[in-house]
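The values are calculated or read from the model by the stated rules, or taken from the named source; none is laboratory data. The model shown is predicted, which means the values in this text are computed figures rather than measured ones. Note: ideal-geometry Cβ built from the backbone for every residue, glycine included; neighbour counts use all protein chains shown. For accessibility, only protein heavy atoms count, side chains too; no ligands or nucleic acids. Shrake-Rupley method; radii C 1.70, N 1.55, O 1.52, S 1.80 Å.
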Number of protein chains: 4
Amino acid sequence: MQTNTSDSVRRRIYKIIFEAETTSGRVFDALLLFIILLSVLVVSLESMSQLNRKYGDTFRFLELIFTGLFTLEYLLRVYSSPKPLSYMFSFFGLVDFLAIIPTYLSLLFPGAQYLLIIRVLRLLRAARIFKLTHFINEGQVLSRALKASLTKITVFLGAVLIIVVIVGSLMYLIEGAKYGFTSIPKSIYWAIVTLTTVGYGDIAPATPLGQILASFVMIMGYGIIAVPTGIVSVELARSEKESFTTQVCPNCHKEGHTPDAHYCSNCGSLLEV
Amino acid sequence: MQTNTSDSVRRRIYKIIFEAETTSGRVFDALLLFIILLSVLVVSLESMSQLNRKYGDTFRFLELIFTGLFTLEYLLRVYSSPKPLSYMFSFFGLVDFLAIIPTYLSLLFPGAQYLLIIRVLRLLRAARIFKLTHFINEGQVLSRALKASLTKITVFLGAVLIIVVIVGSLMYLIEGAKYGFTSIPKSIYWAIVTLTTVGYGDIAPATPLGQILASFVMIMGYGIIAVPTGIVSVELARSEKESFTTQVCPNCHKEGHTPDAHYCSNCGSLLEV
Amino acid sequence: MQTNTSDSVRRRIYKIIFEAETTSGRVFDALLLFIILLSVLVVSLESMSQLNRKYGDTFRFLELIFTGLFTLEYLLRVYSSPKPLSYMFSFFGLVDFLAIIPTYLSLLFPGAQYLLIIRVLRLLRAARIFKLTHFINEGQVLSRALKASLTKITVFLGAVLIIVVIVGSLMYLIEGAKYGFTSIPKSIYWAIVTLTTVGYGDIAPATPLGQILASFVMIMGYGIIAVPTGIVSVELARSEKESFTTQVCPNCHKEGHTPDAHYCSNCGSLLEV
Amino acid sequence: MQTNTSDSVRRRIYKIIFEAETTSGRVFDALLLFIILLSVLVVSLESMSQLNRKYGDTFRFLELIFTGLFTLEYLLRVYSSPKPLSYMFSFFGLVDFLAIIPTYLSLLFPGAQYLLIIRVLRLLRAARIFKLTHFINEGQVLSRALKASLTKITVFLGAVLIIVVIVGSLMYLIEGAKYGFTSIPKSIYWAIVTLTTVGYGDIAPATPLGQILASFVMIMGYGIIAVPTGIVSVELARSEKESFTTQVCPNCHKEGHTPDAHYCSNCGSLLEV
């Protein structure tokens, strides 16, 4: 009977910290989000030297408290999970773990506490608290479109990579160290800054030949941004369309029928009977 | 009878300042737009120190006159409205109010007169004077598409936010205060400047590791701009389609007629019976 | 008979300089393009002070020759045109005229010769010489799409304008003259530089509040570029589709039928009889 | 018989270095890619003056070894090819040749070894080793779409070129040499930097009139990026469609089946009989 009591406690804890169906579950999630936000804010503020000089001790004290709370939460999650290991190695399990480690590390390596910023990833839990199934659906449409266009985008990025290596090397030969192009890696960095139209201006071509080459790179970068945009647009349009066809064939259980389909495209059975 | 006269005066005022059907109404609107433009121009010029030194008194005199006129107009709008309160708390009512307040505030707080620039919002009334129903239609198509893609864009912006917080913190650890990355908030600011491909160059990575991370951020920013673009394109295509294809042929049930079609393009039957 | 001879001369000149059907016409056009390119190059090189010091006289001599040739060509065009006035006030007629005026102006106002760069517009004639009907078709598809999206783009630009005026004024209040935001017009200029993701960095926010506002503007600019892109994509897709339906109704002469239309959508007559 | 043995050796070599079906062929390709990457890395590192001072001799020694290996490989490719000349003048044949020449050139012209960076192009062979037919298919869809939109993009680039020449010249007249606009070519360079939204900030307008013109150019550049994006999106959508919908139902002639369909989604008949 002892085990049964412990089991019911465990199940209750699970319901509170893993689900958002009950009132206490929702209160817990809201509180958690608030503390996460506060914690991220404290880490950010601590990095500002003026504030750190004044309120450094307060910041470090708050961090210890937040870490204590998160450690307690982490242990409860591991304890209440039906399968503790599968939680610990899930995405959220790893994020929860990484969100408490830096404080302990900072006792050994000063500065490590800034890694606490990874706590911002915990905000992803927000999707659940607001029961944002709508948001999750949209996110799935987005990620499906991105996944579908992954191969094309890889081909595209490969081409971009080869372009920046060659352009960077040419600029190194043309401009030389005098104008900031001190090495091929740095020139490749410049090529990326230019092709992506970021254009810091920390390194900029100064010779006429360099400026001509740079002009070509800029116009190329201005033009080829059309490629990923076109890819994602097309995939998104398809992914959207596909998200309206949730029919499943009653015979072979094939999913993903086109909206105008009357018969299953896999086995020929009549749909929607 | 007194009330009736006052009522008819009120209605006449209403027709002049709220509508653009009558000649006097259109003259009033054109005059109003002209004065708004002039007023915005005066505020802008007053902020230029050279001109302010020379013509400061003239500018302030003009502002007082403009504010007087706008105050009179505002009172007339409130007076002539059938439901004064609903006007006062409508979008245009609030803008009209905010367009006169700064002058009075500037008597107490010097500098507040620059808030007069909010008068630029009053230009939105221009849509009505030119009877630009066509413009308004197009604006509605646009805003419908933007509203429909709001959830997806929120998901997207959330992802962007988490990326810039993490990248900013990493850069703070990598580069440090020596190269301008003096705090996490400032590094996040740099991450936004880079990811959006703005690239001021006021802060720029100087260490090899920082430049490698920056390269990743730039290529990411260059690529993910495809996402909102794709979202809006798809929604706009749908929104466009919806505003043109509602008719169904009564004979063959073909959909997708052009807005100027009188007969079905498939079977020749008369539409809209 | 005198008139007839002069008429036939005039017609022959017309065929050479206005058309590209005959060999002599094509030779003339090729030569003309070559001289235009040379002339643009000379104007560009003259502006480089080092070269100007050395070869200034040569450049000015060449310009006189080019202008002489273009003047002769212009007079021949006017002479050989069946309707001289309609040529003179056509787009190409005005460009041809503006391409010779600056040299004469430069005798009165030194520096005016740089306006000769307008000759670059004459290169538009290149489309004809290569008989690039394909190019012209594509150009028409493009310009039709742009024209169709003009209203939407005007609405969009109006919104952008109001945003930059308000953001610029806010930044002027927040940052002030200390960091380069010396006046509202200059701050509006900064807002445009930022919103369009150009980001020179000649003016950049330095206060925390200013950087927060700038971050919002950047993310906004990063996002709203999706709007014109979406507009043009949709219009281009439609314009492309429409360019495959060149049928005209035999009964009511309506154009622009959809590709799958069997009957005129305006009067119900059978198409393609 | 001598010839036959030599023939079989040649065929075996061909299988190893040109194909990736056999184990030895795959090992060869993997090794080759690794050496190419290493070689590109060495060239990059050699260009960093600090490293060059320390390890310069090692780098040059490694380059000689890599070049020796690539030369041997090149000779074997020529030897084992059934048609040596068609290999030598193929794209990959030329790249293979250019990948070894710079080392020999650098004996005569110091610095030429940086041209070795062209070896990065050899990484394109990677597509084959991973048997990435999927990647190649996607690449073909991309390149088909880009080829189809080539004419439109040429028209677009022509317009961009004329814009930057005219804008550049105007800025030269407005701003003059005082603010970095020292010549028309340099001002054209500035116009490209601005129109493509790169915005280095090495040259930036300082006069009010120049900033107004720059504002127009920026908004124009911000807007017209929509054009190539729209072009590529439309072409890509068409190119995608074409690569998926070729089947026609033998019964009801419905088109547009998904690639995994066995039965017509409209009438249920078997496809591909």
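Just a few scattered comments:
- In order through the stretch A:207-214: 3J(HN,Hα) via Karplus (6.51 cos²θ - 1.76 cosθ + 1.60), integer Hz, x for Gly, Pro: 8, x, 4, x, 5, 5, 4, 4
- Calculated log₁₀ intensity ratio I(q)/I(0) where the Debye formula runs over C-alpha points of the stretch A:2-129, q = 0.12, 0.15 Å⁻¹: -0.50, -0.73
- Stokes-Einstein translational diffusion, the stretch D:139-238 - Kirkwood Rh over all Cα pairs, 0.890 mPa s, 25 °C, in µm²/s: 168
- Ligands, DNA and RNA are left out, and with a 1.4 angstrom probe the accessible area of the stretch C:139-238 is 32 Å² per residue.
- Taking the protein heavy atoms of the stretch A:135-229 in the context of the full set of protein chains, the accessible area attributed to carbon and sulfur is 74 percent at 1.4 Å.
- Accessible-area value, A:Phe61, 1.4 Å probe, nucleic acids and ligands omitted, Å²: 120
- Toward the positive end of the charge dipole of the stretch D:139-238, with +1 on the Cβ of Lys and Arg and -1 on the Cβ of Asp and Glu, the farthest Cα among D:Phe216, D:Gln140, D:Val160 is that of D:Gln140.
- For D:Met48, the accessible surface of its heavy atoms amounts to roughly 60 Å² (probe 1.4 Å, protein chains only, rounded to the nearest 10).
- Residue by residue, the stretch D:12-27 carries 3J(HN,Hα) couplings of 5, 4, 4, 4, 6, 8, 9, 10, 10, 7, 8, 4, 4, x, 5, 4 Hz when phi is fed to the Karplus relation 6.51 cos²θ - 1.76 cosθ + 1.60 (θ = phi - 60°); x denotes Gly or Pro.
- Solvent-accessible area lost in complex, 50 Å² minimum, residues of the stretch B:214-229 relative to chain alone, 1.4 Å: B:Met218, B:Ile219, B:Tyr222, B:Ile225, B:Ala226, B:Val227, B:Thr229
- Contact residues in the stretch B:97-122 (at least 20 Å² less accessible area with all protein chains than alone, 1.4 Å probe): B:Tyr114, B:Leu115, B:Ile117, B:Val120, B:Leu121.
- Whole-Hz Karplus values for the stretch A:149-166 come out as 9, 4, 4, 4, 5, 5, 4, 4, 5, x, 4, 4, 4, 5, 4, 5, 5, 5 Hz, taken residue by residue from phi with 6.51 cos²θ - 1.76 cosθ + 1.60 and θ = phi - 60°; glycine and proline positions read x.
- Total accessible surface hidden between B and A, rounded to 100 Å², 1.4 Å probe: 3500
- Label sites at A:Phe216 and C:Asp7, each approximated as a point 7 angstrom past Cα along Cα to Cβ, lie 5.5 nm apart.
- Dipole magnitude for the stretch A:139-238: about 320 debye, using +1 per Lys or Arg Cβ and -1 per Asp or Glu Cβ, origin at the Cα centre.
- With a threshold of 24 Å on the Cα-Cα distance, the over-threshold entries among C:Lys15/D:Lys147; A:Lys186/D:Lys152; C:Lys152/D:Lys152; A:Lys15/B:Lys152; A:Lys152/D:Lys147 are C:Lys15/D:Lys147; A:Lys186/D:Lys152; A:Lys15/B:Lys152.
- Charging the Cβ of each Asp and Glu at -1 and of each Lys and Arg at +1, and nothing else, the dipole of the stretch D:2-129 about its Cα centre rounds to 160 debye.
- Each residue, C:Leu31 and C:Lys178, gets one label point 7 Å from its Cα in the Cβ direction; the gap between the two is 6.8 nm.
- Area of A:Tyr104 that stays accessible when all protein chains are in place (1.4 Å probe, Å², to 10): 110
- Chain-alone versus full-assembly comparison, the stretch A:153-189, residues with accessible loss of at least 40 Å² (1.4 Å probe): A:Val155, A:Ile162, A:Val165, A:Ile166, A:Tyr172, A:Leu173, A:Ile184, A:Pro185, A:Tyr189
- Largest to smallest accessible area among C:Thr103, C:Thr182 [probe 1.4 Å]: C:Thr182, C:Thr103
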